[in-house]
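Derivation of every value follows stated rules applied to the coordinates shown; laboratory data play no part. As the structure is a computational prediction, the values presented were derived from the model and not from experiment. Cβ coordinates were reconstructed from backbone atoms using ideal geometry, including for glycine residues, and neighbour counts include every protein chain displayed.
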Amino acid sequence: MHDAIVVGSGPNGLAAAIVLARAGRSVLVLEGRETIGGGLRTEELTLPGFRHDTCSAIHPLGIASPFMRSVPLGEHGVEWIQPPAPLAHPLDGGAAVVLERSLPATVAGLGTDGEAWRRLFEPLVTASDDLVAGTLAGPRPPRHPLHMARFGRSALRSASGLARSRFDGERARALFAGNAAHAMLPLEATATASFGLILAMLGHAVGWPLPRGGSQAIADALASYLRSLGGEIETGHTVASLDEVRAEAGLVLLDVTPRQFLALAGDEVPARYRRALEKYRYGPGVVKIDYALSGPVPWAASDCARAATVHVGGTLDEIAAAEADVSAGRIPARPYVLVAQQSLFDATRAPAGSHTLWAYTHVPNGSTRTDEAVTAIEAQLERFAPGFRDLVLARSILDPAALEAQNPNYVGGDIAGGSADLRQLFARPVARPNPYRTPIDGVYLCSSSTPPGGGVHGMCGYHAARAALRR
Ligand SMILES: Cc1cc2nc3c(=O)[nH]c(=O)nc-3n(C[C@H](O)[C@H](O)[C@H](O)COP(=O)(O)OP(=O)(O)OC[C@H]3O[C@@H](n4cnc5c(N)ncnc54)[C@H](O)[C@@H]3O)c2cc1C
């Protein structure tokens, strides 16, 4: 018997377990896979010696998260690597626009839009701690209402509306669009600007780092810290029904999405709550490719080699068209591709002289048109890095079905635990004062399907565990 059982060892499951263990509760984490981590995994997906981040790679939210900051990650093996620049965004003609750590350096690279970038981001960077706390706070009144109100005025706008009204040139518009497209929504959708604002602000305030050795290092550190607090973890244990764990612990926290919760809980779920969860919307899926390369990517714009993250997709108009296609059920011919080149900054990822590359694009939820997406991703890489294809030694492809088979939380390939549209940004998974608590006594949801949503920050688990402790 334990005080609490946590089902799932993603960052949110491990965070929940840590908060409970810190409060003196005995905790057992049950993980279905043989390895822990959920979206924090590093594996040899292609060739021996090439270590790929199967899911998450770059961690602005991880380094900024109040929960992660409360964990002695460094003592448990996490070493953050800050690339010279957080992000590069290539454009046609061999040019690139760069999000530099330094706000003035970014401003200098944006020409006539530099001053507008400064006006938009300087107040956010100055208030970054409060804004991070506010946006990752969960459903609570903000502690810094003035900062949040000023942020909200811009954040609630559509990304394309904000970019077009603030910037005149392609460079700043494209840079903003690439950040905002992490929302996995059409860039015309309300509140998509919030993603662009938060991610670019974090680039200036804390950087976009990667952990040496791979994202698995974060999961291993969280697990090591949990064990130091007396917590236990059992892998290879898929929980098939809620009854199975409720018999063993008074508190159960589920690092799963609404669809899995309904399957686990069966008839116990009251009809009204079940109906509300059945309406929960999942977002687009992804097609991801990991490459083993014989050399670094031959970007036409040399600045791209200074950044671990590269947004490949061209102009604001092109990225907006690509995301609109995905939302309309189409595979874009010129997709928005998120790229990470970890091995340029971390020699542990590939044999000497060789490199890894991590790339994914958004596709309609559950899409089976994998070949089309792969062709489109590679055409975009070749467009901005001519000769790229000649370097490919091996590749591993994960499509929506493969992702969901690896982790049932990726429903239809949705890596964010549900759409982050305006409604589900706030009412996640349902509109309730305490969204973590389910109507079943002692049972809580703690995954990215709860506030504040997707990304490696652990804050969903943190808030869920605190709600459970208040019970
Ligand atoms: C390709 C890809 C790229 C990404 N890139 C980034 C990035 O660069 N930066 C970033 O911040 N985020 C990124 N993310 C998103 C991030 O990984 C997720 O938002 C985050 O992992 C969600 O954490 P979680 O704890 O809610 O769920 P998950 O990490 O999905 O963990 C859930 C865990 O629960 C287990 N589980 C589920 N059901 C059961 C059951 N019945 N019994 C036992 N165990 C069960 C699963 O096996 C899994 O281990 C990416 C994700 C993907 C897939």
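Couple of notes before you dig in:
- Protection proxy ranking of 453-464, 177-188, 48-59 - average other beta-carbon atoms within 10 Å, highest first: 453-464, 177-188, 48-59
- Using a simple spin-label model with pseudo-atoms 7 Å out from Cα toward Cβ, ARG395 and ASP371 lie 1.4 nm apart.
- Our summary gives region 285-439 a relative contact order of 32 percent, counting only alpha carbon pairs under 8 angstrom and 6 or more residues apart.
- Efficiency of FRET between LEU229 and ARG33 - r from beta-carbon atoms, R0 22 angstrom, step 0.05: 0.45
- The label point for GLU382 and the one for GLN406, both projected 7 Å from the Cα toward the Cβ, are 2.5 nm apart.
- Against the main long axis of the alpha-carbon atoms of the chain, helix 170-180 sits at an angle near 10°.
- Inter-centroid distance (Cα atoms) of region 222-273 relative to region 66-120, Å: 37
- Dipole of region 1-133 [Lys/Arg +1, Asp/Glu -1 at C-beta], most positive-end residue of THR126, LEU110, ALA4: ALA4
- Across region 230-375, Cα pairs under 8 Å and at least six residues apart give a relative contact order of 26 percent.
- The sum of -39500 (n - 2.57) across all DSSP H runs of n ≥ 4, divided by the residue count of the chain, sets its helix-only mean residue ellipticity at 222 nm to -10500 deg cm²/dmol.
- Net +/- balance of residues flanking GLU170 in space, Cβ distance below 13 Å, scoring K and R +1, D and E -1: -2
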